[in-house]
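S.K.: First the structure, then my questions, so here it is.
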Amino acid sequence: MKAGNATLSGYGTTIFEAMSALAREHTAVNLGQGFPDDRGRLDLRRAAADYVIDGHNQYPPMMGLAALRQAVAAHNRRFYGLDVDWQTEVLVTSGATEALLDGFLGLLEAGDEVVLFEPVYDTYVPVIRPRDELAAAFSPRTKLVVLNSPMNPAGKVFSRDELAFLAELIARHDAFAICDEVYEHLVFGDARHIPLMTLPGMRDRTLRIGSAGKTFSITGWKVGYITAQPHMLRPITKAHQFVTFTTPPNLQHAVAVGLGLDDAYFQGLGPALARSRDRLLAGLAALGVPVLTCDGTYFVVLDVSRWLRPDEDDIAFCRRLVIDAGLVLIPMSAFYETAPPRHLVRACFCKDDATIDAALQRLAAWAARQPA
Ligand code: PMP
Ligand code: GLN
C-alpha cells in the first residue's frame, strides 16, 4: 500500500500532547503544556454561551465577524498606536496555530529561505555573538523571518534595540516577518512588549499574530487574529479559505467583547502572572535550582544538570520525573532542530497557588531522595 506524506509521517506526537498524556496516566502535577488553571472570565464564557442560543450559528464571514475585526483594529490602536483598517488588514483564524500556517502557505514558495530563532541564552553568551549569527543567517533568498516575542519557551521579551537590529536586516534583505505575539500582554516588571510592526519601515513587512487563548485564559477556544497590510494579507486569506475558512461565530463574538474590556484588565494580566512566577521561583530557589531570566510568557527554564544521571538527557529526565516524582515538565530539546541543550527543562506557571505548591512539594520530596 502507498504511504502517507513522508515528511509528516516522520514526526512524532507533539511533546505537549505526549507529556499531558503521561501526566494523566501517572496522575502527575502538570507544569508541562501551557494552559492556565483559570477557567476564563465568566462574562466571556457567558457571551459565547448566549450567542450559541440567540445568535447566528451558520458560517460567519470568511475574514471573521465584523465586531471582532473592528475590536482587533481598535486593540492595535489602543495599545500600540497602530492605524489598522479592519476591513482589509485583519483576519480571524482558528488560533495562532492556523495563523502561522496560513502565513507560511500564503507567503512562501519552494526554495524560499526562512530565518527562525532557537531560544537565545543571552545570559550565557556575549551579546554580540547572537547578532553576528543572526546577520549570517540571512541570504539573498531569505523571504521570511519568524519572531516570537515574548518568546516561548525562553521567557525572553525582545528589546527595542534588538528589534531595530532585526528590522534593519529585514529591510536590507527585502524580507517579511511573521511576528507571533500571542503573549503580548503577559510581560513582567519593567519589560515592555514592542511589536516589530511599530518600528520604522516595518508596517508593510510585518504580520502580527495574537491569540485569545493567552489574552483571556481560554486556550481551548482557538481564536487567533492576524494584522497585516493587504498585500501580505491577501495571499494569506487564500490559505485561510482552504484551511478552515471560518472560526466558530460564538467564540468570535465573545472574543470581541473581551478585546473591548477596559485597560485595567489588560494591565493586570502581567502582574497577576508575575506573582505566580515568583511563587514558583521562590520554591525553586529554596531547592537550589538555577533558572534563566523570565520576563514574559507562561514559562520559565530550569537548569537540572545536577540531577542528570550519566548519559541521561532532558527527555529521559522528564520521563523519570513523571514516574518518580509525579511532576510533568517539558524537555527543552523539543524546541531545537539541531544541537539542543540537554540540561534544561521548561516549567509552566500560569497555575493556581495550590498547583504550584503541590509541584514544589513533589519536587522537594523527590530531590531529598536523590544521591548527593
Ligand atoms: N505560538 C506560541 C508561541 C504558543 O506558545 C502557542 C501555544 N501556546 C501558539 C502559538 C498557539 O496558539 P493558539 O492556541 O492560539 O493556536
Ligand atoms: N503552546 C503550548 C505550550 O507551549 C502548547 C500548545 C499545544 O499543545 N499545541 O505549552
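The values are calculated or read from the model by the stated rules, or taken from the named source; none is laboratory data. Source: prediction; values computed, not measured. All Cβ positions, glycine included, derive from the backbone under ideal geometry; neighbour counts span all protein chains shown.
S.K.: Of the numbered conditions (1) surrounded by 15 or more Cβ atoms within 10 Å (Cβ to Cβ); (2) over 18 Å from LYS214 (Cβ atoms); (3) not hydroxyl-bearing (Ser, Thr, Tyr), ALA282 fails exactly one; give the number of that condition.
M.R.: Evaluating ALA282 over (1) surrounded by 15 or more Cβ atoms within 10 Å (Cβ to Cβ); (2) over 18 Å from LYS214 (Cβ atoms); (3) not hydroxyl-bearing (Ser, Thr, Tyr) leaves (1) as the failure.
S.K.: I've got another one for you. Would you confirm whether or not region 38-57 contains a residue that is at pLDDT below 95 and either within 29 Å of HIS253 (Cα to Cα) or within 16 Å of ligand 1 (Cβ to nearest atom) (or both)?
M.R.: Looking through region 38-57, at least one residue is at pLDDT below 95 and either within 29 Å of HIS253 (Cα to Cα) or within 16 Å of ligand 1 (Cβ to nearest atom) (or both).
S.K.: Scan region 328-350 and report the pairs whose first residue is at pLDDT 95 or above and part of a loop (DSSP other than H, G, I, E, B) and whose second residue is of a type in the set (Ser, Thr, Tyr) and within 14 Å of ligand 1 (Cβ to nearest atom), with Cβ atoms within less than 8 Å and a gap of 6+ or a chain change.
M.R.: PHE349/TYR298; CYS350/SER217; CYS350/TYR298
S.K.: Counting only residues that are closer than 28 Å to ALA358 by Cβ and within 16 Å of ligand 2 (Cβ to nearest atom), give me the helices (runs of 4 or more DSSP H) lying completely in region 1-81 with at least 2 of them.
M.R.: 15-25
S.K.: Something else about it: Within region 244-271, can you find the residues that are aliphatic (A, V, I, L, M), out of contact with any helix residue (DSSP H, G or I) (no Cβ under 6 Å at 6 or more places or on another chain) and part of a helix (DSSP H, G or I)?
M.R.: Selection gives ALA264, LEU269.
S.K.: Kindly indicate the residue of region 146-162 that is in a loop (DSSP other than H, G, I, E, B) and surrounded by fewer than 23 Cβ atoms within 10 Å (Cβ to Cβ) and also farthest from ligand 2 (Cβ to nearest atom) among those meeting that condition.
M.R.: Ranking the qualifying residues of region 146-162, first place goes to SER159.
S.K.: Could you check, for region 188-200, whether at least one of its residues is under 17 Å from LEU91 (Cβ atoms) and either assigned by TED's automatic domain parsing to the domain that holds ALA66 or within 16 Å of ligand 1 (Cβ to nearest atom) (or both)?
M.R.: Scanning region 188-200 turns up at least one residue that is under 17 Å from LEU91 (Cβ atoms) and either assigned by TED's automatic domain parsing to the domain that holds ALA66 or within 16 Å of ligand 1 (Cβ to nearest atom) (or both).
S.K.: Next question. Are any of the residues in region 163-183 within 16 Å of ligand 2 (Cβ to nearest atom) and either over 26 Å from MET332 (Cα atoms) or of a type in the set (Asp, Glu) (or both)?
M.R.: Scanning region 163-183 turns up at least one residue that is within 16 Å of ligand 2 (Cβ to nearest atom) and either over 26 Å from MET332 (Cα atoms) or of a type in the set (Asp, Glu) (or both).
S.K.: Among the residues of region 82-104, which ones are in contact with a Phe, Trp or Tyr (Cβ under 8 Å, 6 or more places away or on another chain) and more than 16 Å from ligand 2 (Cβ to nearest atom)?
M.R.: Result: VAL90, LEU91, VAL92.
S.K.: Ok, one more. Could you list, in sequence order, all residues of region 193-225 that are part of a loop (DSSP other than H, G, I, E, B), over 14 Å from ASP38 (Cβ atoms) and either within 14 Å of ligand 2 (Cβ to nearest atom) or within 13 Å of the chain's Cα centre (by Cα) (or both)?
M.R.: Going through region 193-225, the residues part of a loop (DSSP other than H, G, I, E, B) turn out to be 193-195, 199-205, 216-218, 222-223.
With the extra rule that they be over 14 Å from ASP38 (Cβ atoms), the set shrinks to 193-195, 199-205, 222-223.
The answer is LYS222, and nothing else.
S.K.: Here's another thing I want to ask about it. Just to be sure before I move on: is ALA274 more than 18 Å from the chain's Cα centre (by Cα), in a helix (DSSP H, G or I) and more than 16 Å from ligand 1 (Cβ to nearest atom) in the structure I sent? Steps first, please.
M.R.: Details: more than 18 Å from the chain's Cα centre (by Cα): no; in a helix (DSSP H, G or I): yes; more than 16 Å from ligand 1 (Cβ to nearest atom): yes.
In short, no.
S.K.: Select from region 172-187 the residues that are part of a loop (DSSP other than H, G, I, E, B) and within 13 Å of ligand 1 (Cβ to nearest atom) and list them in ascending order. Full working, then the answer.
M.R.: Here is the first cut: in region 172-187, the ones part of a loop (DSSP other than H, G, I, E, B) are 173-175, 181-186.
Residues satisfying the conditions are GLU181, VAL182, TYR183, GLU184, LEU186.
S.K.: I'd like the full set of residues that are closer than 13 Å to LYS351 by Cα and among the hydrophobic types (A, V, I, L, M, F, W, C), limited to region 282-299.
M.R.: Residues of region 282-299 closer than 13 Å to LYS351 by Cα: 297-299.
Correct list: PHE299 only.
S.K.: Starting from residues that are over 24 Å from the mean Cα position of the chain (by Cα) and in a loop (DSSP other than H, G, I, E, B), keep the ones in region 351-372 and report whichever is surrounded by the most Cβ atoms within 10 Å (Cβ to Cβ).
M.R.: My answer is GLN370.
For (1) among the basic types (Lys, Arg); (2) modelled with pLDDT under 85; (3) assigned to a helix (DSSP H, G or I), each residue gets a yes or a no:
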{"residue": "THR97", "(1), (2), (3)": "no, no, yes"}
{"residue": "GLY103", "(1), (2), (3)": "no, no, yes"}
{"residue": "GLU109", "(1), (2), (3)": "no, no, no"}
{"residue": "VAL114", "(1), (2), (3)": "no, no, no"}
{"residue": "PRO119", "(1), (2), (3)": "no, yes, no"}
{"residue": "THR123", "(1), (2), (3)": "no, yes, no"}
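S.K.: If you scan region 169-186, which residues turn out to be small (Gly, Ala, Ser) and over 19 Å from the mean Cα position of the chain (by Cα)?
M.R.: ALA171, ALA175
S.K.: Still on this structure: Would you mind stating whether VAL301 is touching an Asp or Glu at 6+ places or on another chain (Cβ under 8 Å) and either in a strand (DSSP E or B) or at positive phi (or both)?
M.R.: Spelling it out, it is not the case that VAL301 is touching an Asp or Glu at 6+ places or on another chain (Cβ under 8 Å) and either in a strand (DSSP E or B) or at positive phi (or both).
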